[in-house]
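*Asks:* Structure below; questions to follow.
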Amino acid sequence: MHAIRRLCNRYGAWLHVDAAFGLLARVLPKTKEYHNVHEGVGGLELADSIAGDAHKLLNVPYDCGIFLSRHLQLGTEVFQNSNAAYLNTASTETPESTDRIIPSPLHIGIENSRRFRALPVYATLAAYGRDGYRDMLERQIHLARGIAKLILDNGEFELLPTPAGSDTSPDAQLSQIYIIVLFRAKDGALNNELVRRINATRKLYVSGTQWDGKPAARFAVANWQVDVERDLRIVEEVLLAL
Ligand SMILES: *Cc1c(COP(=O)(O)O)cnc(C)c1O
């Protein structure tokens, strides 16, 4: 990120980060367990702008994106409703005082009318706070890593991506996992049907994808209700039945 930032500075480029899922990882404790995850979201603060999705790991209803920008003034220059008297807002925000006054959303973004999306975000942050979200995210990571370990320990399945680099131990592989678990069945015929058969149980839902030109399946853990032991039992039952 530092190297990219330097290039952006040199050539006048805008550095945007799509942190739909990654943003919340910054709430994790700085322990060895999460070292790789922290590396993955390192240097976010160097971006010009960051997009995040509250409707993913903050578990608010859909359609609740977050756009963070260092360049509020640019937003104001582009989106200011300049000369329609009926669009005047009561506040007297100016670019110079933006650190003190909350600017009207009417003048900094593309939408004029919008739902009060900030309300559920505010409510959930106020209700759970940093500690509450850390706990939720840790449970989700523990479930994802638990699923990955089931796959590693089972000779019929293959955890993806195949480990590269010097340390290819199971622990090293597990430590890379955040909330997505990519895998396939070693048996080609089963693998072609894997997603359909898992989803047909109606106990789990996985999505299909391709890896190295072959079908693969992915678990995406994203739910505050995760109970690691209870949910792992269900995953194990379904995978063993296959
Ligand atoms: C979900 C996701 C998107 C799409 O965002 P939506 O606001 O849900 O449409 C974009 N990028 C990444 C990395 C995502 O995970």
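*Asks:* If PRO29 passes every condition in (1) within 19 Å of ARG117 (Cα to Cα); (2) surrounded by fewer than 18 Cβ atoms within 10 Å (Cβ to Cβ) but one, which one does it miss?
*Replies:* Going through the list (1) within 19 Å of ARG117 (Cα to Cα); (2) surrounded by fewer than 18 Cβ atoms within 10 Å (Cβ to Cβ), PRO29 breaks only (1).
*Asks:* Another question about this same structure. For the stretch 16-39, enumerate the residues that are part of a loop (DSSP other than H, G, I, E, B) and either away from the ligand (no atom under 16 Å from the Cβ) or basic (Lys, Arg) (or both).
*Replies:* Result: LEU28, PRO29, LYS30, THR31.
*Asks:* Still on this structure, please answer the following. How many residues, within the stretch 112-140, are free of Cβ contacts under 8 Å to residues at least 40 places away in the same chain, outside any helix (DSSP H, G or I) and surrounded by 14 or more Cβ atoms within 10 Å (Cβ to Cβ)?
*Replies:* Result for the stretch 112-140: 0.
*Asks:* With (1) small (Gly, Ala, Ser); (2) at pLDDT 95 or above; (3) surrounded by fewer than 18 Cβ atoms within 10 Å (Cβ to Cβ) as the list, and GLY40 as the residue in question, which single condition is left unmet?
*Replies:* With (1) small (Gly, Ala, Ser); (2) at pLDDT 95 or above; (3) surrounded by fewer than 18 Cβ atoms within 10 Å (Cβ to Cβ) applied to GLY40, the lone miss is (2).
*Asks:* Write out, first by first residue and then by second, each pair whose Cβ atoms fall under 9 Å of each other, whose residues are 6+ apart or on separate chains, and whose first residue, in the stretch 12-30, is within 17 Å of HIS2 (Cβ to Cβ) while the second is more than 10 Å from the ligand (Cβ to nearest atom) and among the hydroxyl-bearing types (Ser, Thr, Tyr).
*Replies:* From residues that are within 17 Å of HIS2 (Cβ to Cβ), the pairs are TRP14/SER49; LEU15/SER49; HIS16/SER49; VAL17/SER49.
*Asks:* I've got another one for you. Select from the stretch 42-80 the residues that are part of a helix (DSSP H, G or I), in contact with a Phe, Trp or Tyr (Cβ under 7 Å, 6 or more places away or on another chain) and not charged (D, E, K, R) and write down the one among them that is nearest to the ligand (Cβ to nearest atom).
*Replies:* Residue satisfying both the conditions and the ranking: HIS55.
*Asks:* Within the stretch 199-214, how many residues turn out to be in contact (Cβ under 8 Å) with a residue 40 or more places away in the chain and either within 13 Å of GLU156 (Cβ to Cβ) or among the basic types (Lys, Arg) (or both)?
*Replies:* 0
The values are calculated or read from the model by the stated rules, or taken from the named source; none is laboratory data. Just so we're clear, the structure is a prediction, and the values are computed from it rather than from any experiment. Virtual Cβ from ideal backbone geometry, glycine too; neighbours counted across all protein chains shown.
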